[in-house]
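The structure under discussion appears below in the form of structure tokens.
The values are calculated or read from the model by the stated rules, or taken from the named source; none is laboratory data. This one's a predicted model, so the numbers in the text were calculated from it and none came from an experiment. Glycine also receives a Cβ, built like all others from the backbone with ideal geometry; neighbour counts cover every protein chain displayed.
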């Protein structure tokens, strides 16, 4: 069986009876993810608009995180939903390449916007004076860098994917790699750039934030002769908690997907690439775009 890996979050295969058996599950899950991601992020955008007079740094990052998650919903989940319904990609070669490019742009943007927001929290807690004097400039640079990285790192999609003939008078939007190492190198690169490197940065920043808050609280408690987080505002603590939960949701949603992708690339014979568990793992990676807005709304 010929298999092409779709880095947007699903594997694209020649249709089989087993694929059709999972078709209803795929369509249902993708439909729910699209509805929740779209409604949640649009609702959050409305909430941010109502609170626009506050113009806090958190609002700015969340605004762009919402936009990134909407890119995921409309250019990653929705096209995949359409493909599952029609069983084949319906469009020209140009549309194929553009869709695959935008699918990965959403992945990168959503990930690196979380990274940018976490780094901003790190500066606010661990280096408050530097953050105060250069905070506004750094925020815009961080957000711009996140979008620029997303646009540049997604360019391989334009060359890897194309409209290919897969059967008599049938075409599909498939990836074409230089075998036997092309797919392995590319999947490893995507895992490193979208998951491993951001996860390392997020973990480092969160550890530094937690240790800084603990040290600050302990020092203030000793000075005052009593316990209490006098040195850290409740608003900052709430923002740190929100950032931590967003990071955890990101890790939970994406870890199984990248583990299975790497397993499939480097050991295709033993990888669990069939069955409902595999299908759900591939589909639920996009669930992260549904959780982000509700996490913020809960903490606000």
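A few comments on the model shown:
- Any hit, the range 141-151, residues being over 21 Å from the mean Cα position of the chain (by Cα) and modelled with pLDDT under 90: no
- Failed item, numbered, when residue 185 is tested on (1) touching a helix residue (DSSP H, G or I) at 6+ places or on another chain (Cβ under 7 Å); (2) modelled with pLDDT of 85 or more; (3) farther than 30 Å from residue 25 by Cα; (4) surrounded by fewer than 16 Cβ atoms within 10 Å (Cβ to Cβ): (1)
- Yes/no for residue 103 being farther than 28 Å from residue 236 by Cα, in contact with a strand residue (DSSP E or B) (Cβ under 6 Å, 6 or more places away or on another chain) and modelled with pLDDT of 85 or more: no
- The listed residues are 229, 271, 285, and the only one of them that is modelled with pLDDT under 80 and within 22 Å of the chain's Cα centre (by Cα) turns out to be 285.
- Only one entry of 170, 157 meets the criterion of being touching a residue at least 40 places away in the same chain (Cβ under 8 Å) and over 20 Å from residue 282 (Cα atoms), and that entry is 170.
- Any chance residue 125 is in contact (Cβ under 8 Å) with a residue 60 or more places away in the chain, surrounded by 17 or more Cβ atoms within 10 Å (Cβ to Cβ) and closer than 22 Å to residue 256 by Cβ: no
- Residue 240 vs. criteria under 21 Å from residue 125 (Cβ atoms), modelled with pLDDT of 70 or more and surrounded by fewer than 18 Cβ atoms within 10 Å (Cβ to Cβ): no
- The range 134-172: number of residues that are in contact with a strand residue (DSSP E or B) (Cβ under 8 Å, 6 or more places away or on another chain) and not in a helix (DSSP H, G or I): 8
- Any hit, the range 112-126, residues being closer than 30 Å to residue 237 by Cβ, at pLDDT below 90 and over 24 Å from the mean Cα position of the chain (by Cα): yes
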